[in-house]
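Read the structure below first, then the notes.
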Amino acid sequence: MGIILKILASLFVGFFSYRVGWLSLGGSLITSIMAFIILYKLGWLWSLPPLSFLTLGSILSIYSGKRERRDYKQVLANGLPALICAITSFEGGYLTALAVSFSDTVATEIGIKFGRKTYLITNFKEVPKGTSGGISLEGTLAGILTITVLSVFGWLMGLNPIPIFLSAVLGFFSDSIIGATLESRGYFGNNTTNFLAGIFGLIVYIFLHP
């Protein structure tokens, strides 16, 4: 009975996200698969961070003026590092990878909507909002606050929050550095940047966690 509920819940998340316009059809299908794996391997409570990511990230995107649905490539770029950890029941790595992706999304949307000035992270020259590698004070604070909340969640779940926080912060800033250097030069797109930042945060966590 338990596994049937998890299947139904996973399908509902994907279906709902598609119906309200958050995800494309492909994105919703991948989300349902990922949701089931997380529920099956880690349980109901561990599904709260990615569910919050999906909900808050989508709402912020719409509020900042973005109306396009997230496709399966975006879902995988943001979720695959965490999914790998979920499959191996590596809770700390899972939460760290999610914190990197979640904080980057929050920082980007808050920065676009509320940021007064945007600076390129590599030289701190002022750039237009939305520039790859651009950061704002408002967005950065919102991103770090997101990491703090997820670190506290990890602590409540019995994990040491300090390695999660430090690793996610480094992953968070690495996203902007990669964006300002490799992505801006056309080596790859934003999806790859997000994926690499999540992997970087995860690697740092592997070295830092007890």
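Residue by residue, here is whether (1) hydroxyl-bearing (Ser, Thr, Tyr); (2) surrounded by 22 or more Cβ atoms within 10 Å (Cβ to Cβ); (3) touching a strand residue (DSSP E or B) at 6+ places or on another chain (Cβ under 7 Å) holds:
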| residue | (1), (2), (3) |
| --- | --- |
| Ser101 | yes, yes, no |
| Lys113 | no, no, no |
| Ile147 | no, yes, no |
| Phe153 | no, no, no |
| Ile162 | no, no, no |
| Leu182 | no, no, no |
| Gly198 | no, yes, no |
| Ile203 | no, no, no |
| Pro210 | no, no, no |
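Put simply, of Phe53, Phe16, Phe12 the only residue that is touching a helix residue (DSSP H, G or I) at 6+ places or on another chain (Cβ under 6 Å) and on the phi < 0 side of the Ramachandran plot is Phe53. Taking the listed residues Ile38, Ile30, the one that is of a type in the set (A, V, I, L, M), under 17 Å from Thr105 (Cβ atoms), touching a residue at least 40 places away in the same chain (Cβ under 8 Å) and in a helix (DSSP H, G or I) is Ile30, with no other qualifying. Evaluating Phe172 against the criteria (1) of a type outside the set (Val, Ile, Thr); (2) out of contact with any Ser or Thr (no Cβ under 6 Å at 6 or more places or on another chain); (3) assigned to a helix (DSSP H, G or I); (4) over 16 Å from Glu91 (Cα atoms) leaves one unmet condition, (2). Being in contact with a Cys (Cβ under 7 Å, 6 or more places away or on another chain) and of a type outside the set (Ser, Thr, Tyr) holds for only one residue in Gly111, Gly93, Gly134, Gly130, and it is Gly93.
Count of region 34-59 residues, restricted to those that are of a type outside the set (S, T, N, Q), buried (at least 19 other Cβ atoms within 10 Å of the Cβ) and closer than 25 Å to Lys129 by Cα, is 3. On the stretch given as region 156-195, residues that are over 20 Å from Trp46 (Cβ atoms) and out of contact with any Pro (no Cβ under 9 Å at 6 or more places or on another chain) total 26. Tell me yes or no: at least one residue of region 94-115 is part of a loop (DSSP other than H, G, I, E, B), farther than 18 Å from Ser47 by Cβ and either without any contact (Cβ under 8 Å) to a residue 60 or more places away in the chain or of a type in the set (S, T, N, Q) (or both). Yes, region 94-115 has at least one match.
Apart from one condition, Val152 fits all of (1) touching a residue at least 40 places away in the same chain (Cβ under 8 Å); (2) over 23 Å from Arg70 (Cβ atoms); (3) not small (Gly, Ala, Ser); the exception is (1).
Since every read-out is calculated from the coordinates, none of them should be taken as a lab result. Quick caveat: nothing in here was measured; it's all calculated off a predicted structure. Reconstructed Cβ throughout: ideal geometry from the backbone, glycine too, with neighbour counts over all protein chains shown.
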